[in-house]
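Input: a single structure, listed below in structure tokens.
Read-outs throughout are calculated quantities, based only on the coordinates presented, and are distinct from any laboratory measurement. Fair warning: this is a prediction, and the values are worked out from it, not measured in the lab. Cβ placement follows ideal geometry from the backbone for every residue including glycine, while neighbour counts extend to all protein chains displayed.
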Amino acid sequence: MANDDDALEMLLSDPETDPRATYVLEPDDVAHLVARVVAATGAPGHTAHSPLTGAPLAAVPRSAAQDAARAAGLARAAQRDWARVAPAQRARVLLALHDLVLAEQSDILDLIQLESGKARASAFEEVADVAQVSRHYGLRGPGYLRQRRVPGMLPVLTQARVHHRPIGVVGVIAPWNYPLTLALADVLPALLAGNGVVLKPDEQTALSALWAADALERAGLPAGLLQVVVGGAEVGSAVVDAVDHIVFTGSTATGRIIARQAGERLIGATLELGGKNSMYVAADADVEAAAAGAVRACFSNSGQLCMSIERLVVHADVADAFLPAFVARVRAMRLGGDLDYSADMGSLVSAAQLERVAAHVDDAVARGARVLTGGVHRSDVGELFYAPTVLADVPADAVCAREETFGPVVSVTVVPDDDAAIVAMNDTEYGLNASVWSGSAAHGRALAARVEAGTVNVNDGYAAAWGSVAAPLGGWKASGLGRRHGREGLLGLTEAQTVVVQRGGRHVSLDALFTLPEGKGQALLSTGLRALKALRLP
Ligand code: NAD
């Protein structure tokens, strides 16, 4: 990362001649966003630097731990009225946000690229995702929340209904890798369910999250319901202490800390954590399509994607055709940091991330892995760029064989048959996403049924499952708890309440049944229970 003097020099460069000058955020343009942070007046600010240029972005106030409690109090006060608003009316805010995000995409795409360093095509995935999620919940959410009649204890006499009530205030802690998507993916269903929200984005990408909060209010969300605090672990931990349910997206290590804290408070926790995802190219796969799909699956967002493929498993029968086709496509990838669609892959987000990626590759090579392409820091493109990298013969004791790299690095393993492929795919503590390529949908489905992962894409890497927002998305094993998207993602942010009305007055009341003399009530109930089963009443 450039030091501040370099960055200042860049800021002062002539905007007529230096194209990077367009990368500078004007303080006046973001002042209304920065003002949204819940922090004490005069609180020290944090200035993130753009991974693309090293230039400082904007000073964002840092919240203190007590600001998280204050934010929760403000959200709680606003939530009381919001809980009384009909779900269909709440849904209108989501549908308005859908239109707004698509209409203003060029602004938010710039901001996402500046904060995260990603290519514009990867930034657009975030815009598309927000449109998908807001449309789905805007149209289907009120139906998911509708009360449900279920069979009561006594047919006809006992009427049972299940309601989905708001929990209160939901905390959302988000990482830096999808700053817009992960600021909204859980906030939208939380709000639709009638909750208030405290959002804590990563400090590197706070402006995108603040843009999302601002856009929601412009879409009609009442003021106060969504509060944003900015800071690191200390503030995140204070959020967990102040809310009634926590949604955390981030590393498995931090997820375990948050789960312990939520357990102590007996609040619910939805945890979307890391992955070491695999993709299998079966013997009957279309090899060219699989090679093109693997490029997107492994290197979208520079591999800094929880659903990204880091392990390629290839059937021996197609390895000689697949590998050269894949490597040729990887070599042809365009790296760049322009605020347009000219690059296939952008930079990494930070010097720490670059260091981690290089360390994983160097460790694997030192233990005998072969570099099929990449394996180098691309400082010629920019300070935080790393070449998309394909490794073969990665030994089992290499760090990248087991740990999530979270960068543009994939290892290739050749297997003799499907059974060996399934063993290789499941040989990980994680279970987030997987991909299977086959010429037959039936074969693909049969393989998917044997994979231990929350999502399995057949003939795609990750986008098909991610974009199928009506279906639940989340991790097995160490990849998480709970689900986002679909009915599950919305109802997981509610409290179920069962309301049972016993009709019929005193002569059929349960009290009367239980107070019959000498076990007569129990005998009657036993007869009734046998009858219910015989009549197949559930
Ligand atoms: P991280 O766990 O370091 O940080 C994530 C967030 O948690 C940040 O906002 C951070 O400030 C906050 N935080 C850190 N320590 C905390 C603590 N003790 N208490 C409360 N908050 C705390 O993760 P990261 O490195 O920023 O993100 C990358 C990770 O996120 C990868 O492992 C990736 O797989 C995962 N991820 C998962 C999904 C998913 O849906 N499963 C999506 C995106 C990213």
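Observations on the model:
- The chain: calculated mean residue ellipticity at 222 nm from DSSP helix runs of at least 4, using -39500 (n - 2.57): -13000 deg cm²/dmol
- Segments 470-480, 24-34, 389-399 sorted - mean Cβ within 10 Å per residue, highest first: 470-480, 389-399, 24-34
- Inter-centroid distance (Cα atoms) of the range 222-279 relative to the range 417-434, Å: 28 Å
- Value of relative contact order over the chain, rounded to a whole percent, pairs C-alpha under 8 Å and six or more apart: 16 percent
- Förster-model FRET efficiency, 25 Å R0, ASP511 and ARG536, C-beta, rounded to 0.05: 0.30
- When the Cα gyration tensor is reduced to axis lengths a ≥ b ≥ c, the ratio a/c is 1.5 or higher for the range 322-394, and with a/b not above b/c it is classed as oblate.
- The range 140-187 and the range 34-56 have Cα centres lying 34 Å from one another.
- Cβ-based exposure ranking for LYS533, LYS276, in which fewest neighbours within 10 Å come first: LYS533, LYS276
- Whole-Hz ³J(HN,Hα) from phi, Karplus 6.51 cos²θ - 1.76 cosθ + 1.60, for the range 53-63, glycine and proline x: 10, x, 6, x, 8, 8, 6, 10, x, 8, 7
- Pair VAL399, ARG378: separation of 7 Å Cα→Cβ label points (nm): 2.2 nm
- Exposure proxy order (Cβ contacts within 10 Å, fewest to most) of ASP427, ASP340: ASP340, ASP427
- Summary of packing: across the peptides 231-240, 367-376, the per-residue average of other C-beta atoms within 10 Å ranks them, highest first, as 231-240, 367-376.
- Put a plus charge on the Cβ of each Lys and Arg, a minus charge on the Cβ of each Asp and Glu, and nothing anywhere else: the dipole of the chain about its Cα centre is then about 3800 debye.
- Database remark: amide H of HIS46 closer than 5 angstrom to the amide H of VAL60, ARG62 (H placed geometrically; neighbours at sequence offset of 5 or more, or on other chains; Pro and chain starts carry no H).
- Under 5 Å, built H, 5+ apart or other chain: amide partners of THR53: none
- Globularity ratio of the chain, using Cα Rg and 2.2 N^0.38 Å: 1.09
- Relative contact order (percent, whole number), the range 5-273, Cα cutoff 8 Å, 6+ residue spacing: 23 percent
- Ranked list, fewest to most other Cβ atoms within 10 Å of each Cβ, for TYR386, TYR23, TYR341: TYR341, TYR23, TYR386
- Long-range amide H partners of THR270 with built H, under 5 Å: ILE246, VAL247, PHE248
- Candidate cross-link partners of LYS477 among the lysines, defined by an alpha-carbon separation under 24 Å and a same-chain spacing of 8 or more, comprise LYS276.
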